[in-house]
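Visitor: Below are the structure tokens for one structure; questions will follow.
The values are calculated or read from the model by the stated rules, or taken from the named source; none is laboratory data. Everything numeric in this text was worked out from a predicted model, so none of it was measured. Using ideal geometry, Cβ is built from the backbone for each residue, glycine included, and neighbour counts are taken over all protein chains shown. Remember, those area values only see protein heavy atoms, side chains included, never the ligands or the DNA or RNA. Shrake-Rupley method; radii C 1.70, N 1.55, O 1.52, S 1.80 Å.
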Amino acid sequence: MRVGRGFGRERVLRTLTFWLRPAFALRVVNRFQRIAGFDRSVALASSALTALIPLAVVSGAVLTRIGGQDIVDRVIDRYELTGGGAGAVRDIFSPAGGTSTSVGVIGMLLLLVAVLSFTRAVQRL
């Protein structure tokens, strides 16, 4: 199979040498340090966690009402979890004793706040 004219060997080599130049790599590292990239990535990851866990709980409650497989079973099947990992997923999504699993207005508002704070953190980055 012949490589198209737009993606010739010279063009690929030229692109790779542009991105792999030491000066460019040093500028990227310098910029990452100036914006405190590691701190921002940790803050972004924690914000994503606080947004995704409520989203998974609410979507799990809604999906089980619609019908189909439980969200816990979907996660366990998708990632082929066994033992402690499967138990941890069941613990995260199981309701506390004596509580109901209905989705209310307050839960939806908290989910909206978590998702919006995550998007704001992404925009700041």
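Residues checked against (1) open to solvent by less than 80 Å² (accessible area, probe 1.4 Å); (2) in a loop (DSSP other than H, G, I, E, B); (3) at pLDDT below 80:
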site: Thr17; (1), (2), (3): yes, no, yes
site: Arg27; (1), (2), (3): no, no, no
site: Gln33; (1), (2), (3): no, no, no
site: Asp39; (1), (2), (3): no, no, no
site: Arg65; (1), (2), (3): no, no, yes
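Visitor: Any residue in segment 13-27 that is of a type outside the set (D, E, K, R) sitting within a Cβ distance under 8 Å of a residue that is surrounded by 11 or more Cβ atoms within 10 Å (Cβ to Cβ)? List the pairs, counting only those 6 or more apart or interchain.
Guide: Going by the 8 Å Cβ cut-off, the qualifying pairs are Phe18/Phe24.
Conditions (1) at pLDDT 75 or above; (2) open to solvent by less than 90 Å² (accessible area, probe 1.4 Å); (3) within 16 Å of Ala48 (Cα to Cα); (4) part of a helix (DSSP H, G or I), marked per residue:
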{"position": "Gly68", "(1), (2), (3), (4)": "no, yes, no, no"}
{"position": "Val75", "(1), (2), (3), (4)": "yes, yes, no, yes"}
{"position": "Gly87", "(1), (2), (3), (4)": "yes, yes, no, yes"}
{"position": "Leu109", "(1), (2), (3), (4)": "yes, no, no, yes"}
{"position": "Val113", "(1), (2), (3), (4)": "yes, no, yes, yes"}
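Visitor: Can you pull out the residues in segment 89-104 that are at pLDDT 75 or above and open to solvent by 70 Å² or more (accessible area, probe 1.4 Å)? Steps first, answer last, please.
Guide: Restricting attention to segment 89-104, the residues satisfying the condition of being at pLDDT 75 or above are 89-92.
Result: Arg90, Asp91, Ile92.
Visitor: Now for a separate question. Filter segment 41-51 down to the residues that are touching a residue at least 24 places away in the same chain (Cβ under 8 Å), more than 14 Å from Arg124 (Cα to Cα) and open to solvent by 50 Å² or more (accessible area, probe 1.4 Å) and list them by number.
Guide: Correct list: Thr50 only.
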